[in-house]
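Worksheet: the structure to be examined is printed underneath.
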Amino acid sequence: MEGSVKLLGAGIAMVGSLGAGIGLGLIFAAWLNALARNPSAEGKFRQVGVFGFAVTELVLLMCFVIAIMLMYTGK
Amino acid sequence: MASLLEEFEIHTLSPPLVTIGGHEIAFTNSALFMTLAVAASALLMVLAMRPQALIPGRWQMAAETLYNMVAEMVESAAGEKARPFFPFIFSIFIFILFCNLFGMIPKSLAVTSHVIINFSIALVLFLIITITGFTKHGLHFLHLFVPPGAPKALLPFLVVIEFLSFAVRPFSLSIRLFANMLAGHILLQVFAGMTVSLLAAGWLAGLSVLPLVANIGITGFEFFVAVVQAYVYAFLAAIYLRDALEMH
């Protein structure tokens, strides 16, 4: 019983990845837009894009870590 | 189920060498892969740069590309004054990069998938940045927590928020790298498990090609992630360093 509730909790925890998905989509959409408008400034965009990607992805990874912790730790 | 985390297990490879406060310290597989990473990176840098040719060969080109990539990144993210810190950030980058890449060898251990390794590096970074900030600016360094041009009434909240966002940096830095490596390796294992269980599923066995193909793609993606995460770690280190050197 407790184990199945834990699995359910892990599943619910992953709902947070919804936000990260939307965020990553927005970042790469903006990146493509910027690249299409000014292809010569690609170097500058790359750094900002990678930074935004890393910061947004952290949300997804936090959800993932919590889900893994729920599944594999405790009794 | 627990076998998913089996590849991240640390086991000893030698009898206990020293005992500190009741803890037996032995040579583990984690230590082995860290030693390998350091040895490989040192070998790459020393041997590749030995010819010091004006027109670089393949190995020298690789070493120079890595060096230039980090040098440009540090200069653009942390400014001119960060030049003395470049060797430190470059070492962090190379160490994490090699640990990540060694983790991609089957049956090996990705050292960076243990949060304590990343956290130790992040803590050293955090201490160096804080000490640099205080030695360079004295108590003026505390102005870092006061955003310029903020309304007076909001200041108590803003200072608390700024302080928290400063203090939480080593945690977010280490958890990002650890979770990325953990998630990638677990993903690979889940798809591999899917392939095996589909093979045993009778008339559905033909479908087992699909997760296998996906796994090949994910493996490529994991190599990309290994490089990007090492880069991001060094990049964020440089950005945090900028705070200490230039304030705001």
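Based on this model, can you work out whether B:Phe141 counts as in contact with a Ser or Thr (Cβ under 7 Å, 6 or more places away or on another chain), over 18 Å from B:Glu7 (Cβ atoms) and touching a residue at least 60 places away in the same chain (Cβ under 8 Å)? It is false that B:Phe141 is in contact with a Ser or Thr (Cβ under 7 Å, 6 or more places away or on another chain), over 18 Å from B:Glu7 (Cβ atoms) and touching a residue at least 60 places away in the same chain (Cβ under 8 Å). Determine if region A:17-35 includes at least one residue that is out of contact with any helix residue (DSSP H, G or I) (no Cβ under 7 Å at 6 or more places or on another chain), within 11 Å of chain B (Cβ to nearest Cβ) and free of Cβ contacts under 8 Å to residues at least 40 places away in the same chain. No; the residues of region A:17-35 include none that is out of contact with any helix residue (DSSP H, G or I) (no Cβ under 7 Å at 6 or more places or on another chain), within 11 Å of chain B (Cβ to nearest Cβ) and free of Cβ contacts under 8 Å to residues at least 40 places away in the same chain. Take the conditions (1) more than 14 Å from chain A (Cβ to nearest Cβ); (2) at pLDDT 90 or above; B:Leu177 misses just one of them, which is (1). Restricting B:Ala205, B:Ala238, B:Ala244, B:Ala234 to those that are more than 14 Å from chain A (Cβ to nearest Cβ) and surrounded by 12 or more Cβ atoms within 10 Å (Cβ to Cβ) reduces the list to B:Ala244. Taking A:Ile66, is it in contact with a Phe, Trp or Tyr (Cβ under 7 Å, 6 or more places away or on another chain) and touching a residue at least 24 places away in the same chain (Cβ under 8 Å)? Criteria not met by A:Ile66.
Is there a residue being surrounded by fewer than 16 Cβ atoms within 10 Å (Cβ to Cβ) and not in a helix (DSSP H, G or I) anywhere in region A:33-55? The answer is yes, given that some residue of region A:33-55 is surrounded by fewer than 16 Cβ atoms within 10 Å (Cβ to Cβ) and not in a helix (DSSP H, G or I).
Assess whether B:Pro170 counts as being at negative phi, in contact with a helix residue (DSSP H, G or I) (Cβ under 6 Å, 6 or more places away or on another chain), part of a helix (DSSP H, G or I) and within 14 Å of chain A (Cβ to nearest Cβ). Spell out how you get there, then give the answer.
Working: at negative phi: yes; in contact with a helix residue (DSSP H, G or I) (Cβ under 6 Å, 6 or more places away or on another chain): yes; part of a helix (DSSP H, G or I): yes; within 14 Å of chain A (Cβ to nearest Cβ): yes.
The answer is yes for B:Pro170.
Taking the criterion of being touching a helix residue (DSSP H, G or I) at 6+ places or on another chain (Cβ under 8 Å) and outside any loop (DSSP other than H, G, I, E, B), the residues of region B:144-157 that qualify are B:Leu144, B:Phe145. Residue pairs whose Cβ atoms lie under 6 Å apart, separated by 6 or more positions or on different chains, with the first residue in region B:167-196 and within 12 Å of B:Tyr233 (Cα to Cα) and the second surrounded by fewer than 16 Cβ atoms within 10 Å (Cβ to Cβ) and modelled with pLDDT of 90 or more, are B:Pro170/B:Leu123.
The values are calculated or read from the model by the stated rules, or taken from the named source; none is laboratory data. These numbers were taken from a predicted model, which means no experiment stands behind them. Positions of Cβ are generated from backbone atoms using ideal geometry, with glycine treated the same way; all protein chains shown enter the neighbour counts.
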